[in-house]
């Protein structure tokens, strides 16, 4: 099979959100002696880009993003060992730890951002919901994260965003991480008040913000 | 017919699964299949459809979906499952009405039908935050005093206690919850309606212990008020919610299940969101033993309920529910634009037309500025909402559809950049509680404009 056809198959497996097909295509790529990093860049990432664009213009929603992300990860299970064997690395824009803060059980906004970040070349650790300040910081340390994204959908859980920043200060870790906040009632004023590095009104804005913050 | 203890047992014994697998391997693919199998289609040219068979198909899809997916319990990582027979039994034995309030303020909250011709129940005020307790009382009392008002969503009052910001699950949340109930009952007394039903107890209470603690009769709460228990989006519950059910069932209080499916979230587009919103009516009956329901399908990106596709979801799922599931539902809409803007009135008119003609049993006066801005509500929105409900009750779905299309032309392109509008103190005299001349003039202008496009105000 032609190299370009294999890239196209990898791309379409991601666009269709078909994990089994993505795995099979990744195996095919390795069997054809294709550089695994090229398979990621020219195939899988292209597929994520298509889904990301569809999402931005309202033609795709969270399910399509999640299925595409899942297919991407399935293919990476096949490609990663070969990437490591060749002592290479997938280029990442940075690692972002995402969590909904203590008391907040809402996950949709956070999961949308996590998936859009992955689609844009970030590594994401999606910690889940209802996470306390210390747990978030411990996990960020463990993941060697560059940034922490904190989601709060209720006015009464917004103070927990402040707690994470205060805990980072107390632990002398504040300068180590870029901290961004978001969620329905969260505003730029709130982000400024609690000393966050930025606020994203939606996933697209948050990706632009994190790209800027982690490049600076 | 299963009881609540069966639900508790299934939360401990149902299939074990990670939350991510539930989302990716159960919820998303099943919803896609159900939408396809039942032929649910969104037509952007018809935000308020009049097709009874299509509405019934959404109901059938919702039954099928709930029977295949169940509800995920976050505390046990298990799926609580229900058979189709159990769901149908819950529908057959659903109460169809709910007794609310006490004394001369008591009323029966009943189900309506599409193109009903009767007035939908008007549910006033908002669970939003104010900068002072006095302002919250004044606004609540004015709203409650409206003769057409039948129930209230009480305000969270302020977001601080002695200068400290209220935090979910903390003792301050308990104090704020008790204060909200106490202050709201005082506002009802001030309005001369002490037995008025408060149907959103307890606002902003994240912890079950706050809801239970603030429900003491010594603070002014009664079993004939209404307690809201939220489904976690999507199709998830936890022991916090189930603890509230256990308490309220033992007390004999009204239980309101709250569903807020996100269009663009796990539900995908409009067809999936309509199916899930309808499935939530069923889930409230079967899992939470609810005797009323509160819902707000909402757009994931714009944070409002006035987009064309969400209006279609509101109309379609209201028709599906009111034709097939006898549980009274309160429809709550968040508007993108805020107080003292023409856009707010256009959005509110569209929302109330879609909901009322589609069989909404009760409509809450639409919430300005997405419900997130402090002090962003006034009694003027209540006055407008009630006049709109009266007008909409004289129309059928087809007439509403034509009007909603005209209204969408006026505001749809502005949704992403909607004006956040004024605060109460910017457009009302805080001392007298009267609207300023500017807001009154805008209100009259808008009513004239809407009357000219065919909305039959009295």
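What follows draws every value from the coordinates through simple rules; no lab data is involved. Owing to the predicted nature of the structure, the values given are computational and were not obtained by experimental measurement. Here Cβ is always computed from backbone atoms with ideal geometry, including for glycine, and neighbour counts include all displayed protein chains.
A few comments on the model shown:
- Label-to-label distance, nm, for residues given as residue B:420 and residue B:249 (7 Å Cα→Cβ offset): 4.3
- Counted residue by residue at 0.36 nm each, then reduced by the alpha carbon distance between them, the extension gain from residue B:106 to residue B:458 reaches 124.1 nm.
- Dividing the convex hull volume of the alpha carbon atoms of region B:134-257 by its residue count gives 106 Å³ per residue.
- Calculated [θ] (222 nm, deg cm²/dmol) that DSSP helices of n ≥ 4 give over chain A, each run adding -39,500 (n - 2.57): -17500 deg cm²/dmol
- Where labels lie 7 Å past Cα in the beta-carbon direction, separation of residue B:17 and residue A:88 in nm: 3.7
- Peptide B:300-313 is shielded by partner chain Cβ atoms: per residue, an average of 2 of them sit within 10 Å of its Cβ.
- Counting Cβ atoms of other protein chains within 10 Å of each Cβ in A:102-112 and taking the mean gives 6.
- Ordering of B:430-441, A:95-106 by packing [mean C-beta count within 10 Å, highest first]: A:95-106, B:430-441
- Per the Cα gyration tensor, chain A maps to an equivalent ellipsoid with semi-axes of 34, 18, 13 Å, ordered largest to smallest.
- Rg over Rh [alpha-carbon atoms, Kirkwood Rh] for region A:66-157: 1.03
- Entry note, region B:191-324: relative contact order of 20 percent, from Cα contacts under 8 Å with a spacing of 6+ residues.
- Burial order of peptide ranges A:187-199, B:50-62, B:266-278, B:199-211 (average beta-carbon count within 10 Å, highest first): B:266-278, B:199-211, B:50-62, A:187-199
- Length gained on full extension, residue A:49 to residue A:170, computed as 0.36 nm times the residue gap minus the Cα-Cα distance: 39.6 nm.
- Centre separation in Å (Cα based) which lies between region B:409-457 and region B:329-360: 13
- Kirkwood analysis of region B:364-458, using all unique Cα-Cα pairs, places the hydrodynamic radius at 14.8 Å.
- Estimated FRET transfer efficiency (residue A:77, residue B:45; beta-carbon r; R0 30 Å; 0.05): 0.10
- Label positions at residue B:394 and residue B:30, each projected 7 Å from the Cα along the C-beta direction, are separated by 4.6 nm.
- Residue-averaged beta-carbon neighbours from other chains (10 angstrom radius) around B:165-174: 5
- Percentage relative contact order, chain B, counting C-alpha pairs under 8 Å, at least six apart: 19
- Rounded, prolate or oblate (a/c below 1.5 giving rounded, otherwise prolate when a/b exceeds b/c) for region A:3-85 by Cα gyration tensor: prolate
- DSSP bridge pairs, chain B: antiparallel proportion in percent, nearest 5: 35
- Packing-based ranking of B:305-318, B:89-102 yields B:305-318, B:89-102, ordered from highest to lowest mean Cβ neighbour count within 10 Å.
- Rel. contact order, % - alpha carbon contacts under 8 angstrom, at least six apart, region B:44-112: 17
- For chain A, a Gaussian network of Cα nodes joined below 10 Å ranks A:150, A:93, A:134 by mean-square fluctuation, and the top entry is A:134.
- Based on the reciprocal of the average 1/r between different C-alpha atoms, the Kirkwood radius for region B:56-181 equals 18.7 Å.
- P(r) histogram, all alpha-carbon pairs of the protein assembly as shown included - 20 Å bins from 0, percent: 19, 53, 25, 3, 0
- Relative compactness, region A:95-215, computed as alpha-carbon Rg over 2.2 N^0.38 Å: 0.91
- Ranked from largest, the principal axis spans of the Cα set of region B:97-453 equal 50, 48, 39 Å.
- At an R0 of 22 angstrom, the distance between the Cβ atoms of residue A:4 and residue A:31 translates into a FRET efficiency of 0.85.
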